[in-house]
1. Report, by residue number, each residue of the stretch 70-86 that is crowded, with 17+ Cβ neighbours inside 10 Å and either in a loop (DSSP other than H, G, I, E, B) or not acidic (Asp, Glu) (or both).
2. Give the number of residues within the stretch 1-22 that are surrounded by 13 or more Cβ atoms within 10 Å (Cβ to Cβ) and in a strand (DSSP E or B).
3. Could you grab me the full set of residues in the stretch 44-57 that are within 19 Å of Arg16 (Cβ to Cβ), touching a residue at least 24 places away in the same chain (Cβ under 8 Å) and out of contact with any helix residue (DSSP H, G or I) (no Cβ under 6 Å at 6 or more places or on another chain)?
4. Among the residues of the stretch 23-69, which ones are outside any helix (DSSP H, G or I) and within 12 Å of the chain's Cα centre (by Cα)?
5. In this structure, is Arg13 out of contact with any strand residue (DSSP E or B) (no Cβ under 7 Å at 6 or more places or on another chain) and modelled with pLDDT of 90 or more?
6. With the requirement that a residue be over 19 Å from Asp90 (Cβ atoms) and either modelled with pLDDT of 90 or more or of a type outside the set (D, E, K, R) (or both), what does the stretch 25-53 give you?
7. Hey, can you tell me all the residues within the stretch 1-48 that are touching a Phe, Trp or Tyr at 6+ places or on another chain (Cβ under 8 Å), under 14 Å from Val84 (Cα atoms) and not hydrophobic (A, V, I, L, M, F, W, C)?
Amino acid sequence: MPLLTDPDSAFIRTERGVAFAMREGSTRQACLVTMEALQDMRTKYHADALETSEEEVFQARRPEIEAIARAKFDRGDLSDDGMVEVRAADIS
C-alpha cells in the first residue's frame, strides 16, 4: 500500500529538522526532512531566502518533500529507528 499524505498530521520543528507523519493505510509513518535539506530548498526556491523560515519552506514544498519520502519508503530506505528521512542529498 502506498504512503499517503496524512491530512490530520501536524508538523513539528525539531533540532534535526521538521518532523511530520504520512499514512500507509491506517498505519502512521514518522518522517523527517532535515534542516540542511530545508535550507537547500529555501536557497533554491525562495527569492527572499533570508526571511523565509524552515517551517514556511516545509509548507510551501510539502508535496515535493512527501513525494521524496514516499519514494524512499517504497524502496525500504528507512533510518535505524524506522523513520523516513529526507536529506539534502535527496533534493534534486
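1. Looking only at the stretch 70-86, we keep the residues that are crowded, with 17+ Cβ neighbours inside 10 Å, and these are 70, 72-73, 84-86.
If the condition is that a residue be crowded, with 17+ Cβ neighbours inside 10 Å and either in a loop (DSSP other than H, G, I, E, B) or not acidic (Asp, Glu) (or both), then Arg70, Lys72, Phe73, Val84, Val86 are the ones that fit.
2. Total satisfying the criteria: 9.
3. The one that is within 19 Å of Arg16 (Cβ to Cβ), touching a residue at least 24 places away in the same chain (Cβ under 8 Å) and out of contact with any helix residue (DSSP H, G or I) (no Cβ under 6 Å at 6 or more places or on another chain): Glu55.
4. Residues of the stretch 23-69 outside any helix (DSSP H, G or I): 23-34, 46-48, 52-53.
Those that are outside any helix (DSSP H, G or I) and within 12 Å of the chain's Cα centre (by Cα): Gln29, Ala30, Cys31, Leu32, Val33, Thr34.
5. Working: out of contact with any strand residue (DSSP E or B) (no Cβ under 7 Å at 6 or more places or on another chain): yes; modelled with pLDDT of 90 or more: yes.
So Arg13 passes the test.
6. Gly25, Ser26, Thr27, Arg28, Ala47, Ala49, Leu50, Thr52, Ser53
7. Within the stretch 1-48, Glu24, Gln29 qualify.
The values are calculated or read from the model by the stated rules, or taken from the named source; none is laboratory data. If you're wondering where the values come from, they're calculated on a predicted model, not measured in any experiment. Neighbour counts are summed over all protein chains in view; Cβ atoms, including those assigned to glycine, are modelled from backbone coordinates with ideal geometry.
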